[in-house]
Amino acid sequence: MNARRAVAALLSLLALTLAGATGCARPELDARLQLWHHGQLTIGTGPTNGVFNQLGSGYADVVNRHLTGFEAVSMPTNGALENLQRLARGDIDVGFTYADVAGDAVTGKGSFAGSPVQVRALARMFTAYMHVVVRPGTGVRTLADLRGKRVATGPAGSGTEILALRMLTAAGLDPAKDVQRVTASLSQMTTTFAAGQLDAFFWTAGQPVVGLTALFGKLPGRVALLPTDALVAVLDKDYPGAYTAATIPKDAYGLSADVATVAVPCLLVTSPALPTEVGYELTRLLFEHQDELAAVHSEGRNINREVAWKTDPVPLHPGARGYYGV
């Protein structure tokens with residue numbers, strides 16, 4: 001048993017002992033604590049200034065308030081890819097990811113070539129938008145114009161990096177040769193961009209992104225988002241159905257006009273070993289307490305039950321399937 005599980009078991013045993021000593025033991029609570037890791041759930045989110053982290057923290061709070069017998073903790077991570085890797089290792093129980101990366105995981109492609117991961121989905125959450133941040137007035141009107149430029153593609157191994165490299169390739173650029181590429185966190189990218197040490201950077205997330213809002217506020221008129229929707233048709237040839245065109249509205253960051261870009265669905269995923277009852281409850285909380293998630297971040301209100309079960313190519317968890325009735 002690793003340290004996380006050992007601590008959880010000790011705390012749960014202590015709680016049950018105290019409950020029994022005071023005559024307040026609850027049989028249904030005892031049973032549910034035995035279902036999964038003695039009631040402890042760890043949720044893999046994303047960087048601290050990103051949407052995954054905000055919603056993940058809010059989701060943990062919802063679990064703690066409304067799911068008797070369970071305690072959830074949100075864990076900051078590098079996001080989509082790392083969460084799938086942690087899920088495979090058993091470091092987390094639930095994680096936020098993107099459908100393209102999760103598709104690679106279940107089919108053993110891309111970063112998971114030859115080593116597929118058993119993943120199940122609880123819900124299709126919201127749409128994540130690729131933000132390509134550039135400086136206006138520098139002649140950069142398409143991704144192809146980034147040739148020779150200093151470009152950051154997000155944290156190493158992140159979902160942002162995976163999509164950024166695919167987009168650069170779709171634009172006819174070799175990411176290893178045609179741009180001066182660096183990997184960095186969102187906070188590092190916004191800092192170096194503001195300091196004039198980057199010409200462009202990529203970030204995939206729901207919107208608005210706190211870190212980007214701060215950057216636009218800090219450099220009014222000196223930051224722009226690059227339209228990239230023309231690449232969807234090219235990407236679809238190599239990654240059928242993985243990406244769609246979507247629009248970042250101008251009021252998200254105080255832009256002069258809407259920006260059309262590449263988008264990918266966000267999924268909430270877990271292990272096939274998660275008990276069916278727990279999967280059902282975790283799915284139910286998303287919708288019965290959606291107002292609480294929306295209060296944490298506006299993307300919380302965009303979780304739509306009508307499409308939440310459409311998580312292909314990732315299979316639904318049996319508990320989620322039971323909740324949706326599909």
What is the percent carbon and sulfur in the accessible area of the chain, measuring with a 1.4 Å probe over the protein chains and ignoring ligands? 53 percent
Candidates 46, 211, 159: whichever shows maximal mean-square fluctuation once the chain is modelled as a Gaussian network with Cα springs under 10 Å: 211
In straight Cα distance, which aspartates and glutamates are under 14 Å from residue 250, not counting same-chain residues fewer than 8 positions off? 258
Inter-label distance for residue 194 and residue 177, nm, one decimal - labels placed 7 Å from Cα along Cα-to-Cβ: 3.7 nm
Over region 189-237, with neighbouring protein chains present, the accessible area per residue in Å² at probe 1.4 Å is 41 Å²
The chain pair-distance distribution - Cα-Cα, 20 Å bins, rounded %: 32, 53, 14, 1
Scoring the chain by relative contact order with C-alpha pairs under 8 Å, at least six apart, yields a percentage of 23 percent
Residue of 74, 115, 158 that the Gaussian network model of the chain assigns the largest fluctuation, springs spanning Cα pairs under 10 Å: 115
Restricting to the chain, compute how many DSSP beta bridges are antiparallel as a %, nearest 5. 65 percent
Would you compute, from DSSP H runs of 4+ residues alone, the mean residue ellipticity of the chain at 222 nm, taking -39500 (n - 2.57) per run and dividing by the full residue count, rounded to the nearest 500? -11500 deg cm²/dmol
Springs between alpha-carbon atoms under 10 Å, Gaussian network over the chain: tell me which of 184, 257, 99 tops the mean-square fluctuations. 257
When ligands, DNA and RNA are left out and all protein chains stay put, how many square angstrom of accessible area per residue does region 89-159 have with a 1.4 Å probe? 35 Å²
Excluding residues fewer than 8 positions from residue 109 in its own chain, the lysines with Cα under 18 Å of it are 237
In this structure, the FRET efficiency calculated for residue 73 and residue 156 from their beta-carbon separation, with R0 = 25 Å, to the nearest 0.05, is 0.50
Spacing of the two label points (7 Å from each Cα toward its C-beta) at residue 111 and residue 48, in nm: 2.2 nm
So for the pair residue 245, residue 276, with labels modelled 7 Å out along Cα→Cβ, what separation do we get in nm? 4.4 nm
Extension gain residue 219-residue 287, at 0.36 nm per residue separation less the Cα-Cα distance, in nm? 20.7 nm
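The values are calculated or read from the model by the stated rules, or taken from the named source; none is laboratory data. Computed from a predicted structure; not experimentally measured. Counting neighbours? That spans all protein chains shown, and the Cβs are built from the backbone with ideal geometry, glycine included. Keep in mind that these areas ignore ligands, DNA and RNA; they rest on the heavy atoms of the full protein, side chains included. Shrake-Rupley method; radii C 1.70, N 1.55, O 1.52, S 1.80 Å.
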